[in-house]
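What follows is one structure encoded as structure tokens, with my remarks underneath.
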Amino acid sequence: MLRNLLIGLVLAGFVFIFYNLYITYEPKTELTGIAAHYAEKGAVEVGAANLVTAVVVTYRGFDTLGEITILFLTASIIAFFLKLSKVDEEKIIVHRGTSELLITASKILIPIIFLFGAYVFMNGHLTPGGGFQGGAIIASGVVLSILANPNRQINHNVIIWVESISGVSFVLIGVLGIFLAGGFLDNRILGLGEFGTLFSAGAIPIIYSFVGLKVGAEISNILNKYQKSQKES
Amino acid sequence: MEYFDLGKISLLIGFLLIIIGFWGVLSQKNIIKIIIGFAILNTGINILMVSLGYIRGRTAPIIDSAVEQAENHNVLNSVVDPVPQALVLTAIVIGFGVTALLLAYAMKLFRAKRTLDINNFNDLKW
């Protein structure tokens, strides 16, 4: 009873704070400060049609590096946490098969999902999309393949190599920016190209492709760990 | 008309989701439901941040035909704020990481005691 009362009090406090915020909130009417700079100069300086991508990959590229580091850290902690003992590792569990519909649909859909994921992260500088979204779409294809065939083994080595190579390439492109252009993760190491085409915005499509591959591999790695931990007794 | 502004509506939805998420985290007994509460809380905060960058009558911060068709024909006067959207992109990824970790912990906790009721995990309580 006391517990419910305390919960009610906390929630009422939040309602009070949010109500006051809500009635005094005045929507913005124009861009100010750094946002105005991004909107005005973004197309000229970075060459990306999608200003959010320009902010994420170039202006705030270092944050993105930290972000994929956090994702890598999550995958490592989960791998450490769900580590199987030697006995469990060698155990073989045969799951019940799934429905014919799911198996057939997954055969058709998985290549299309992977293709769509690749499209999303390669066009991140032009359309609403990017590395993280594309990587999540690719991982959803992996989820579908696990659901359709619960006994499927994901090749661990492929995941590790894709993840490592794309992570190292991302940092290397960033370091190249120091020598060839203005600074770390500067996208002007390649020409900016024609505005609004696939091969534009300098290194952004390349960086975002590596980010997409890395995110896809990391999420697949987490899924692989979850799947394997079913063996734990 | 003032109360039906898109920015205000999404602000309200964000606040509502935050309160629902807090309620779920505080009042539920099942660990999985607590994690779902965290996810709802996360979504609410993301919606809140995006709606703070909304400017009435403007389009997404992508320079394409929609911007060129805008009457004033100027990027500065026709797009919403790109900075909160970029921040939310980061926040979504962090939220994903947090949820994945919480689920791994929930799995371990279930293996330890064969139950998901939070009241049975009182080893650190005195």
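The values are calculated or read from the model by the stated rules, or taken from the named source; none is laboratory data. Remember, predicted model here, so these are calculated numbers, not experimental data. Backbone-built Cβ (ideal geometry, glycine too); neighbour counts: all protein chains shown. Only protein heavy atoms, including side chains, enter the accessible area calculation; ligands, DNA and RNA are left aside. Shrake-Rupley method; radii C 1.70, N 1.55, O 1.52, S 1.80 Å.
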Could you please find all residues in segment A:69-128 being within 14 Å of chain B (Cβ to nearest Cβ) and open to solvent by 40 Å² or more (accessible area, probe 1.4 Å)?
A:THR69, A:ILE70, A:PHE72, A:LEU73, A:SER76, A:ILE77, A:PHE80, A:PHE81, A:LYS83, A:SER85, A:THR127, A:PRO128
Considering each residue of segment B:9-29, count those that are at the interface with chain A (Cβ under 7 Å from one of its Cβ atoms) and of a type outside the set (Val, Ile, Thr), and give that number.
7
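Here's the yes/no breakdown for (1) more than 13 Å from the chain's Cα centre (by Cα); (2) within 26 Å of B:ASP64 (Cβ to Cβ); (3) basic (Lys, Arg):
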residue: A:THR64; (1), (2), (3): no, yes, no
residue: A:ALA75; (1), (2), (3): no, no, no
residue: A:THR98; (1), (2), (3): yes, no, no
residue: A:ILE110; (1), (2), (3): yes, no, no
residue: A:THR127; (1), (2), (3): yes, yes, no
residue: A:VAL143; (1), (2), (3): yes, no, no
Of all residues in segment A:158-181, count the ones that are open to solvent by less than 70 Å² (accessible area, probe 1.4 Å), of a type outside the set (Phe, Trp, Tyr) and at pLDDT 80 or above.
13
For segment A:25-35, indicate whether the set of residues that are touching a helix residue (DSSP H, G or I) at 6+ places or on another chain (Cβ under 6 Å) and closer than 29 Å to A:VAL171 by Cα is non-empty.
yes
Segment B:84-126: number of residues that are out of contact with any Lys or Arg (no Cβ under 9 Å at 6 or more places or on another chain) and either in a loop (DSSP other than H, G, I, E, B) or of a type in the set (Val, Ile, Thr) (or both)
13
Pairs, please: C-beta under 7 Å, at least 6 apart or cross-chain, first residue more than 15 Å from A:LYS28 (Cα to Cα) and within 7 Å of chain A (Cβ to nearest Cβ) and in segment B:77-91, second surrounded by 22 or more Cβ atoms within 10 Å (Cβ to Cβ) and among the aromatic types (Phe, Trp, Tyr)?
B:LEU89/A:PHE132
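A quick yes/no check of all residues on (1) free of Cβ contacts under 8 Å to residues at least 60 places away in the same chain; (2) within 13 Å of A:PRO205 (Cα to Cα); (3) in a loop (DSSP other than H, G, I, E, B):
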position	(1), (2), (3)
A:LEU109	yes, no, no
A:PHE116	yes, no, no
A:HIS125	no, yes, yes
A:GLY135	no, no, no
A:GLY141	yes, no, no
A:ILE146	no, no, no
A:GLN153	yes, no, yes
A:GLU163	no, no, no
A:ILE178	yes, no, no
Can you find even one residue in segment B:69-76 that is of a type in the set (A, V, I, L, M) and not in a loop (DSSP other than H, G, I, E, B)?
yes
In the set A:PHE184, A:PHE195, A:PHE210, which member is touching a residue at least 40 places away in the same chain (Cβ under 8 Å), open to solvent by 20 Å² or more (accessible area, probe 1.4 Å) and within 26 Å of A:TYR226 (Cα to Cα)?
A:PHE210
Of all residues in segment A:16-62, which are more than 7 Å from every other protein chain (Cβ to nearest Cβ), under 30 Å from the mean Cα position of the chain (by Cα) and hydrophobic (A, V, I, L, M, F, W, C)?
A:VAL44, A:VAL46, A:ALA48, A:ALA54, A:VAL57, A:PHE62
Of the residues in segment B:92-119, how many are in contact (Cβ under 8 Å) with a residue 24 or more places away in the chain and either of a type in the set (Gly, Ala, Ser) or at the interface with another protein chain (Cβ under 9 Å from one of its Cβ atoms) (or both)?
5
Could you please find all residues in segment A:177-214 being among the aliphatic types (A, V, I, L, M) and under 23 Å from the mean Cα position of the chain (by Cα)?
A:LEU185, A:LEU198, A:ALA201, A:ALA203, A:ILE204, A:ILE206, A:ILE207, A:VAL211, A:LEU213
Given the conditions (1) of a type in the set (Ser, Thr, Tyr); (2) in contact (Cβ under 8 Å) with a residue 24 or more places away in the chain; (3) open to solvent by 20 Å² or more (accessible area, probe 1.4 Å); (4) over 28 Å from A:ILE103 (Cα atoms), and given that A:SER200 satisfies all but one, which numbered condition is not satisfied?
(3)
Looking at B:ASP64, B:ASP5 in this structure, which one is closer than 30 Å to A:HIS37 by Cβ, open to solvent by less than 20 Å² (accessible area, probe 1.4 Å), out of contact with any helix residue (DSSP H, G or I) (no Cβ under 7 Å at 6 or more places or on another chain) and facing another protein chain (nearest Cβ under 7 Å)?
B:ASP5
Would segment B:30-49 turn up any residue that is part of a helix (DSSP H, G or I), of a type in the set (D, E, K, R) and surrounded by 14 or more Cβ atoms within 10 Å (Cβ to Cβ)?
yes
